[in-house]
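**Student:** Shown below is the structure under consideration.
The values are calculated or read from the model by the stated rules, or taken from the named source; none is laboratory data. Every value quoted in this text rests on a predicted model; they were computed, and no experiment measured them. Cβ coordinates were reconstructed from backbone atoms using ideal geometry, including for glycine residues, and neighbour counts include every protein chain displayed. The area values use the complete protein model at the heavy-atom level, side chains included, leaving out ligands, DNA and RNA. Shrake-Rupley method; radii C 1.70, N 1.55, O 1.52, S 1.80 Å.
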Amino acid sequence: MPIYKLFVLPGDGIGPEVMAEVEKIAAFFTKEGTARFEIEKGLVGGAAYDANGTAISEADMARAAAADAILLAAVGGPKWDGVPYDVRPEAGLLRLRKDFNLFANLRPAICYPALAGASSLKRELVDGLDLMIVRELTGGVYFGEPKEIVDLGKGQKRAVDTQVYETYEIERIGRIAFELARKRRNKVTSSEKHNVMKSGVLWRDVMIDLHKREYPDVQLEHMLADALGMQLVRRPKQFDVIVTDNLFGDMLSDVAAMLTGSLGMLPSASIGEVNAKTGRRKALYEPVHGSAPDIAGKGLANPIAMIGSFGMALRYSFGLGELADRIEAAIAGVLAKGYRTVDIKGDAAKSVSTGEMGDAILAELRG
Ligand code: IPM
Ligand code: MN
């Protein structure tokens with residue numbers, strides 16, 4: 001049986017707590033003999049800054065490069081508000097994405113029937129929701145140059161961020177979206193703001209060409225990003241695959257997360273190009289939620305997004321779709337049995353801790 005090498009980066013805030021639940025599950029699968037995982041741990045974000053003065057060390061970058069998949073929980077927190085910009089916690093995550101060319105971020109938003117009541121929207125709007133946001137992750141305003149604050153004198157400064165996309169970047173993220181759609185409900189909604197942005201004009205043109213050339217069998221529609229935000233809370237079930245740029249994707253995926261009941265529910269996969277030698281894509285798996293410093297260390301965090309991200313690693317990096325299905329079924333199972341962390345408590349009588357939720361999912365996996 002192959003050994004899968006996981007490089008685990010718990011990071012900051014609730015990160016270590018939710019990651020501990022994934023480690024339990026990986027250990028269980030190894031013991032059960034279904035798959036063998038070898039876990040190596042590193043530091044990222046504020047934790048790395050406190051230890052080494054950087055947001056991720058060169059040694060940990062090398063370990064990440066050698067791993068079969070990277071799991072990251074969360075970075076950041078008010079403790080590091082004052083640290084220099086280039087070593088702030090988020091810089092560690094952005095470096096991982098950029099150095100490994102993880103250009104495609106898959107953020108599935110699924111509303112489990114048991115949680116339809118926990119959403120801030122009416123049950124009938126979200127019950128059965130199953131959409132996928134494909135967010136471009138290594139371009140756009142996150143990385144465009146110049147990116148600076150210039151002192152203009154006389155107390156005035158000018159801040160610049162640069163939104164920039166090239167044809168190949170739009171094409172490769174478009175292909176990911178169209179390929180996913182073919183395995184789902186065959187519909188792609190491409191989103192930008194071509195009414196005010198040149199990068200939006202190019203984005204739309206490239207998507208239209210790509211669709212005509214390679215994916216005429218898939219339904220393609222275009223929606224301005226502001227309108228898409230509105231439609232996501234108005235009638236979210238109209239969407240199948242949404243493809244959009246780095247910044248719009250960041251915002252829209254937080255909105256989509258809340259539709260499912262809580263930010264604590266949404267997993268994600270960040271994947272790169274296929275490696276010609278191994279036939280595999282480099283990949284990092286991370287929940288959509290952040291480090292939630294306000295509840296850190298209290299056992300209140302919901303581990304489901306992190307566990308779901310591990311499930312995505314099994315599916316996309318290791319071809320262990322059946323194990324991923326088992327994890328998803330176990331999550332649905334515990335939710336149906338009424339297990340709730342505080343973020344998805346709704347009207348439930350009581351909530352369970354991070355560890356209790358992890359244990360319940362484990363028990364469900366044991367069957
Ligand atoms: C996310 C996060 C990150 C982002 C932060 C932590 C840099 O919000 O993964 O959605 O903005 O991409
Ligand atoms: Mn975000």
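**Student:** As a test, work out the antiparallel percent of DSSP beta bridges whose residues both lie in the stretch 149-302, rounded to the nearest 5. All intermediate terms of the calculation are to be shown ahead of the outcome.
**Tutor:** Numbers: 8 of 18 bridges.
The antiparallel fraction comes to roughly 45 percent.
**Student:** While we're here: Could you list which residues have their amide H under 5 Å from that of LEU220, counting only those 5 or more apart in sequence or on another chain, with H placed in the peptide plane?
**Tutor:** VAL188
**Student:** Just to be sure I understand: with springs between alpha-carbon atoms less than 10 Å apart, which residue in THR30, THR278, THR260 has the highest mean-square fluctuation in the Gaussian network model of the chain?
**Tutor:** Maximum among the listed residues: THR278.
**Student:** Related question: From the square roots a ≥ b ≥ c of the eigenvalues of the alpha-carbon gyration tensor of the stretch 255-367, which class results: rounded (a/c under 1.5), prolate (a/b over b/c), or oblate? Mind dumping the intermediate values first?
**Tutor:** Details: a/c = 2.43, a/b = 1.62, b/c = 1.50.
Because a/c hits 1.5 or more and a/b exceeds b/c, the stretch 255-367 counts as prolate.
**Student:** Hey, what's the chain come to in accessible area per residue, 1.4 Å probe, Å²? Working shown, then result.
**Tutor:** Details: 15840 Å² over 367 residues.
With the other protein chains kept in place, the chain gives 43 Å² per residue.
**Student:** Decide, for the chain, between rounded, prolate and oblate: order the square roots of the alpha carbon gyration tensor eigenvalues as a ≥ b ≥ c, take rounded if a/c falls under 1.5, and otherwise choose prolate if a/b is larger than b/c, else oblate. Display every interim value, and only then the final one.
**Tutor:** Working: a/c = 1.37, a/b = 1.16, b/c = 1.18.
In terms of gyration-tensor shape, rounded.
**Student:** Under 1.5 on a/c is rounded, so check that first for the stretch 130-259, then, if it is not, pick prolate when a/b is larger than b/c and oblate when it is not; a ≥ b ≥ c are the square roots of the alpha carbon gyration tensor eigenvalues. If you can, show how the numbers build up before the last one.
**Tutor:** Details: a/c = 2.55, a/b = 1.68, b/c = 1.52.
Prolate is the answer for the stretch 130-259, as a/c is 1.5 or above and a/b outweighs b/c.
**Student:** Could you please state how large a percent of the accessible area of the chain is carbon and sulfur, counting protein chains only and using a 1.4 Å probe?
**Tutor:** On the way: 8440 of 15840 Å².
Summing carbon and sulfur atoms, their accessible area is 53 percent of the total for the chain.
**Student:** Count the DSSP beta bridges whose two residues both fall in the chain, then state the antiparallel fraction as a percent rounded to the nearest 5. It would help to have the intermediate numbers written out before the result.
**Tutor:** Values: 20 of 47 bridges.
Around 45 percent antiparallel, to the nearest 5.
**Student:** Could you pull the accessible area for LEU152 with a 1.4 Å probe, rounded to 10 Å²?
**Tutor:** 90
**Student:** Continuing with this model, one more query. Search the structure for amide H atoms under 5 Å from the amide H of TYR4, placed 1.01 Å from N in the peptide plane, and list their residues when 5 or more places away or on another chain.
**Tutor:** ARG36, PHE37, GLU38
**Student:** Could you run the Karplus curve 6.51 cos²θ - 1.76 cosθ + 1.60 with θ = phi - 60° over the stretch 180-193 and give me ³J(HN,Hα) per residue in whole Hz, x for Gly and Pro?
**Tutor:** 4, 4, 4, 8, 10, 9, 6, 9, 10, 10, 9, 10, 7, 10
**Student:** Amide H of ARG281 versus every other amide H placed in the peptide plane: which residues, excluding those fewer than 5 positions away on the same chain, fall under 5 Å?
**Tutor:** ASN275
**Student:** Now for a separate question. Lysine pairs, Cα distance under 29 Å, 8 or more residues apart or cross-chain: how many in the stretch 130-259?
**Tutor:** Qualifying lysine pairs in the stretch 130-259: 15.
**Student:** A further question follows. If you count only protein heavy atoms and use a 1.4 Å probe, how large is the accessible surface of LYS147, to the nearest 10 Å²?
**Tutor:** Ignoring ligands and nucleic acids, LYS147 comes out at about 70 Å².
**Student:** Can you tell which of ALA65, GLY311, TYR165 lies farthest toward the positive end of the dipole of the chain, using +1 and -1 charges on the Cβ of basic and acidic side chains (Lys, Arg; Asp, Glu)?
**Tutor:** GLY311
**Student:** For LYS24, go through the lysines and keep the ones whose alpha-carbon is under 28 Å away, minus same-chain ones fewer than eight residues off.
**Tutor:** The qualifying lysines are LYS5, LYS41, LYS282, LYS298, LYS337, LYS345, LYS350.
**Student:** Roughly how many Å is it from the Cα centre of the stretch 136-206 to that of the stretch 324-362, as a whole number?
**Tutor:** One Cα centre to the other: 37 Å.
**Student:** For the stretch 164-176, what does the Karplus curve 6.51 cos²θ - 1.76 cosθ + 1.60, with θ = phi - 60°, yield as ³J(HN,Hα) per residue in whole Hz, taken in order and with x for Gly and Pro?
**Tutor:** Those phi angles translate into 9, 9, 10, 3, 4, 5, 6, 4, 5, 6, x, 4, 4 Hz.
**Student:** Just to be sure I understand the model, the point goes 7 Å from the Cα along the line to the Cβ. What's the resulting LYS183 to LYS5 distance in nm?
**Tutor:** 2.5
**Student:** What list of ³J(HN,Hα) couplings, whole Hz, do you get for the stretch 333-345 from phi and the Karplus terms 6.51, -1.76, 1.60, once you set θ to phi - 60° and write x for glycine and proline?
**Tutor:** Values per residue, Gly and Pro as x: x, 5, 5, 4, 7, x, 5, 9, 7, 5, 5, 10, 5 Hz.
**Student:** When the Kirkwood hydrodynamic radius is evaluated over all pairs of different C-alpha atoms of the stretch 1-105, what value in angstrom, to one decimal, is obtained? Can you show the working numbers first?
**Tutor:** Numbers: mean 1/r = 0.0702 Å⁻¹.
With all distinct Cα pairs of the stretch 1-105 included, I get 14.2 Å.
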